[in-house]
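The values are calculated or read from the model by the stated rules, or taken from the named source; none is laboratory data. None of these values were measured; they are calculated from a predicted model. Cβ atoms come from the backbone with ideal geometry, glycine included; neighbour counts cover every protein chain shown. For the accessible areas, the whole protein counts, side chains as well, though only heavy atoms, and no ligand, DNA or RNA atoms are used. Shrake-Rupley method; radii C 1.70, N 1.55, O 1.52, S 1.80 Å.
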Amino acid sequence: MDNYAVFGNPIEQSKSPEIHSIFAKQTKQKLNYVKILGSLEKFSDSLEAFFSDPSAKGCNVTAPFKQDAAKWVSSLSESAKFGEAVNTIIKQEDGSFTGDNTDGVGLVTDILTNGVEIKNASILLLGAGGAARGVLKDIAAQSPSNIVIANRTAAKAEALASLLPFAKVQGMELSHRSFDSIAGHFDIIINSTSASLSSELPDVPDTTISQASMVYDMVYGKQLSKFLQHAKKLGVPKTIDGLGMLVEQASESFHLWRGVRPDTSEVVKKLREQF
Ligand code: ATR
């Protein structure tokens with residue numbers, strides 16, 4: 001049987017084995033998928049040990065190893081190259097390893113599935129860390145009217161914006177003050193900061209939030225994040241957490257490995273019921 005795994009540290013919390021085992025059942029694919037605690041000292045040892053077994057065909061990689069994985073593989077997809085991060089490794093027939101990043105496709109698919117167009121929309125991306133970088137290229141590929149990247153540390157937002165050969169992207173400081181100098185409104189606000197993990201609200205004016213048709217937070221859990229609760233209170237019609245993105249990125253990985261696309265809606269529903 002073909003073997004797959006997800007590497008992270010910590011890894012106990014990962015829902016990927018459950019997601020992929022439902023995908024495998026749905027699509028009648030015979031495979032094993034397990035979680036493995038990666039080595040913080042030498043992550044390449046963890047990958048090499050796993051792939052020394054010929055039945056190992058691919059793996060997912062999560063925090064804090066996505067950058068290490070990008071250095072380890074033999075070649076990178078365009079998304080992985082742009083993000084300098086790999087969340088999916090595919091073992092090729094010739095024994096080489098391809099690194100891809102399915103996070104951006106996962107996010108885009110989930111936004112579209114929730115009935116919101118990205119094409120011609122004005123996007124506000126909060127955060128300029130690894131999570132933002134991992135999705136930026138795929139968002140831009142949907143031809144939004146413009147993207148503003150707002151980050152606590154303005155220089156990081158500006159550096160990230162400058163990576164895109166796309167005129168209508170700009171970086172700025174994430175603060176009330178900077179929103180005063182920005183004209184117009186945003187249709188979609190995406191929170192990629194880790195503020196939600198510590199129950200903090202990113203510094204965005206209520207008037208900016210209330211004009212959005214969708215506010216998306218990449219984190220997920222039993223309760224809506226403080227940011228999504230706040231957006232809901234302000235009357236934003238769609239407040240979406242990152243559970244759909246998690247399942248969609250997994251589905252994209254599954255497709256890369258097995259060539260078939262599972263039904264993600266059933267899996268999202270099942271995971272939601274477990275919270
Ligand atoms: P990740 O891989 O999850 O993106 P990261 O690369 O460490 O993690 O980036 C964390 C992001 O969350 C950064 O954009 C960070 O802002 P800074 O670059 O200014 O540090 C942002 N962040 C973390 N805590 C935040 C908070 N309380 N308010 C606003 N932004 C926050």
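Structural remarks
- Debye log10 I(q)/I(0) at q = 0.19, 0.20, 0.22 Å⁻¹ for the range 21-151, Cα point scatterers: -1.11, -1.17, -1.28
- Accessible carbon and sulfur surface of the chain relative to its total accessible area, %, 1.4 Å: 50
- Helix 264-274 vs. the chain, principal-axis angle (Cα, 0 to 90°, nearest 10): 80
- Counting only GluC sites (Glu not before Pro) that DSSP places in a loop and that have at most 16 other Cβ atoms within 10 Å, the longest clean stretch of the chain runs over 118-199.
- Radius of gyration and Dmax over the Cα atoms of the range 20-76, both given in Å: 12.8, 38
- Only helices enter this figure: runs of n ≥ 4 DSSP H residues, each worth -39500 (n - 2.57), summed and divided by the residues of the chain, yield -11000 deg cm²/dmol at 222 nm to the nearest 500.
- For the chain, the per residue solvent-accessible surface stands at 46 Å², with DNA, RNA and ligands left out and a 1.4 Å probe.
- Loop-located trypsin sites (Lys or Arg not before Pro) across the range 97-189 with a Cβ neighbour count of 15 or fewer within 10 Å are K119, K168, with loop assigned by DSSP.
- Rounded to the nearest 20, the Cβ-based charge dipole of the range 126-223 about its Cα centre (Lys and Arg +1, Asp and Glu -1) stands at 260 debye.
- Considering only Cα atoms, the convex hull volume of the range 90-185 works out to 120 Å³ per residue.
- The rule of thumb for compact globular proteins, 2.2 N^0.38 Å, goes into the C-alpha radius of gyration of the range 151-253 1.12 times.
- C-alpha long axis of helix 16-27 to longest principal axis of the chain, angle in °: 70
- Degrees between helix 130-140 axis and first principal axis of the chain (Cα, 0 to 90, nearest 10): 80
- Rh (Kirkwood; distinct C-alpha pairs) - the chain, Å: 19.2
- Computed over the range 1-136, relative contact order equals 21 percent, with contacts defined as Cα pairs under 8 Å that lie 6+ residues apart.
- Candidate lysines for bridging to K233, where Cα separation is under 25 Å - those fewer than 8 sequence places away on the same chain excluded: K222, K269
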